[in-house]
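Only the coordinates and a few stated rules stand behind these numbers; no lab work does. For clarity, every value in this text was computed on a predicted model and none was experimentally measured. As a convention, Cβ positions derive from the backbone with ideal geometry for all residues, glycine included, and neighbour counts pool all protein chains shown.
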Amino acid sequence: MRILLKFTIDCDPDAAWRALHSPRAVAEIYGPFVDMQPLAPLPTSWSPGDDAAVGLFFGGLVPLGSQLISVSDRSTEDAQGDVRILRDSGAPLTGPLAALDVWDHQMAVSTAPDEPGKTLWRDRLVIGGRAAPALWPLLWSAWQWRAARIRALAPTWAHDPEPAAD
């Protein structure tokens with residue numbers, strides 16, 4: 001089963017790519033209802049091959065389960081140019097989502113067509129297993145929330161401009 005999102009965000013693709021690799025930025029996407037807490041120290045920026053276990057908590061207190069995040073990167077091209085893809089091939093470890101046999105989450109960023117300075121964000125979650133049909137509506141709703149949060153947070157992901165030379 002799949003959940004697919006495709007939308008434009010108000011930041012450049014480099015800023016979106018940095019945010020995808022930032023544990024702090026990713027945690028903000030789940031807020032304010034779900035709090036992502038590291039179960040071991042996280043890097044400042046995820047690199048390909050990194051694995052990290054995190055706990056998810058509703059309201060910061062009610063445990064929802066834990067998740068292994070396993071990061072890999074790749075790039076390809078489309079008609080607009082470069083497409084960078086971050087893949088989380090980790091898996092839910094505990095909680096209701098641990099009933100899933102398949103968890104494959106990919107997020108792609110590229111230049112938005114006809115919108116200079118903006119990013120086309122594509123998000124794909126593939127889930128499988130006997131529990132997938134029961135969990136799909138919950139995850140679909142969560143992914144709609146993610147899309148709204150990504151749109152709201154994206155303008156904050158850009159770096160401040162470099163100071164002018166004297």
Notebook entry, point to check: With (1) of a type outside the set (K, R); (2) in a helix (DSSP H, G or I); (3) surrounded by fewer than 16 Cβ atoms within 10 Å (Cβ to Cβ); (4) in contact (Cβ under 8 Å) with a residue 40 or more places away in the chain as the list, and W143 as the residue in question, which single condition is left unmet?
Noted result: (3)
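Please determine whether any residue of the range 52-63 is among the β-branched types (V, I, T) and surrounded by fewer than 16 Cβ atoms within 10 Å (Cβ to Cβ).
Among the residues of the range 52-63, at least one is among the β-branched types (V, I, T) and surrounded by fewer than 16 Cβ atoms within 10 Å (Cβ to Cβ), which makes the answer yes.
Select, from S75, S70, the only residue that is among the hydroxyl-bearing types (S, T, Y) and either within 15 Å of the chain's Cα centre (by Cα) or crowded, with 19+ Cβ neighbours inside 10 Å (or both).
Checking each option against the conditions leaves just S70.
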Check: Among the candidates R149, R84, R124, which residue alone is more than 18 Å from D14 (Cα to Cα), part of a strand (DSSP E or B), among the basic types (K, R) and in contact (Cβ under 8 Å) with a residue 60 or more places away in the chain?
Finding: R124
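So which residues in the range 37-53 are in contact (Cβ under 8 Å) with a residue 24 or more places away in the chain and in a strand (DSSP E or B), if there are any at all?
Within the range 37-53, the first condition is being in contact (Cβ under 8 Å) with a residue 24 or more places away in the chain, and the residues that meet it are 39, 45-48, 51-53.
Scanning the range 37-53 gives D51, A52, A53.
Yes/no per residue for (1) touching a Ser or Thr at 6+ places or on another chain (Cβ under 8 Å); (2) closer than 18 Å to F7 by Cα:
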site	(1), (2)
L68	no, no
A79	no, yes
V83	yes, yes
D88	yes, no
S110	yes, yes
W121	yes, yes
R124	no, yes
R130	no, no
